[in-house]
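S.K.: Quick one: this structure, given as structure tokens, is what I'll be asking you about.
Nothing in this text is a laboratory measurement; each read-out follows from the coordinates by a stated rule. All of these numbers come straight from a predicted model, not from anything done at the bench. Cβ placement follows ideal geometry from the backbone for every residue including glycine, while neighbour counts extend to all protein chains displayed.
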Amino acid sequence: MIENIRDKEAALKPYKVHAKPLDLTICGLFAALIAVGAFIKIEIPVEPYAMHFTLQWFFVLMAGLLLGKRRAAMSVCIYLIIGLVGVPVFASGGGPAYLIRPTFGFLLGFALAAFIMGLMMEKKGKISFMWMMLTSIAGLIAYYGVGILYFYFISNFVIHMPVGWKLVLINCCLLTIFEDFLLCILAVVVCSRLRFIFQKLTGDN
């Protein structure tokens, strides 16, 4: 019995070894796509900070819908680390000072949204178009939820530029959420066609 278990583990070792470079390649690719999405943007000149509508959310959606929770979250985390060490891959630059920028919460929201979407896709047996839409909406709620709370907290308690909930909801939510919802629909349409390819590539069921 023990020998059989050892034989099975030995047979699986090559797959485990090759899985890591593949994961890093896929995560690196999606981190790069999210970075590119930051430069495809429309700036909304509102006070106290300009907001941006970018294509980052589209690529985060693709990661969450295609890669599973671990790879999706890792892709966003790689992107965040690259930006925080100083590479200007965020919509307004980069560097550790971005942590006290109120809009940084939306970037953190990407990571949570990617994880939640990946988790929901993994937990569901048969994936339908409607399930993918519900998954993307759950990600959208997580993304905006973290972004709004972070914006309010940093503005009022860290950099001491007081803002009210009304301004936060208008500037950080109402101005861009409809456009981001349209990106959800587009991402679901695209990912419903690509999902089978990524399953074959990664070996996921």
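S.K.: How do Thr54, Thr25 line up, fewest other C-beta atoms within 10 Å first?
M.R.: Sorted ascending by nearby Cβ count, the order is Thr25, Thr54.
S.K.: Quick one, could you list the DSSP H helices from the chain stretching 18 Å or more along their long axis (Cα atoms) with average Kyte-Doolittle hydropathy of -1.0 or above?
M.R.: Flagged H segments are 2-38, 68-84, 104-123, 129-153, 177-202.
S.K.: A follow-up question, please. How would Met117, Met130 line up from fewest to most surrounding beta-carbon atoms within 10 angstrom?
M.R.: Fewest to most other Cβ atoms nearby, the residues stand as Met130, Met117.
S.K.: Using just the helices of the chain, give the 222 nm mean residue ellipticity in deg cm²/dmol: DSSP H runs with n ≥ 4 each add -39,500 (n - 2.57), and the total is spread over all residues, rounded to 500.
M.R.: Result for the chain, helices only: -23500 deg cm²/dmol.
S.K.: For semi-axes √(5λ) of the Cα gyration tensor in Å, which listed value, (1) 35, 19, 15; (2) 29, 19, 17; (3) 47, 19, 15, comes from the coordinates shown?
M.R.: Among (1) 35, 19, 15; (2) 29, 19, 17; (3) 47, 19, 15, the one calculated here is (1).
S.K.: Return the long-range amide H neighbours of Met51 (sequence gap of 5 or more, or a different chain), with a cut-off of under 5 Å between placed amide H atoms.
M.R.: Ile44, Val46
S.K.: Right, next: Sorting Trp57, Trp131, Trp165 on the 10 Å Cβ count, fewest up front, what's the list?
M.R.: The fewest-first ordering by Cβ neighbours comes to Trp165, Trp131, Trp57.
S.K.: Additional query: Label points 7 Å out from Cα along the Cβ direction at Arg193 and Ile42: separation in nm?
M.R.: Going by the 7 Å Cα→Cβ label model, 2.3 nm.
S.K.: Apply the Karplus parameterisation 6.51 cos²θ - 1.76 cosθ + 1.60, with θ equal to phi minus 60°, to every residue of the range 155-168 and state each ³J(HN,Hα) to the nearest whole Hz, in sequence, with x for glycine and proline.
M.R.: 5, 8, 10, 10, 9, 6, 10, x, 9, x, 5, 4, 5, 4
S.K.: Quick check for me: using +1 on Lys/Arg Cβ and -1 on Asp/Glu Cβ, what's the dipole size of the chain about its Cα centre, in debye to the nearest 20?
M.R.: I would put it at about 560 debye.
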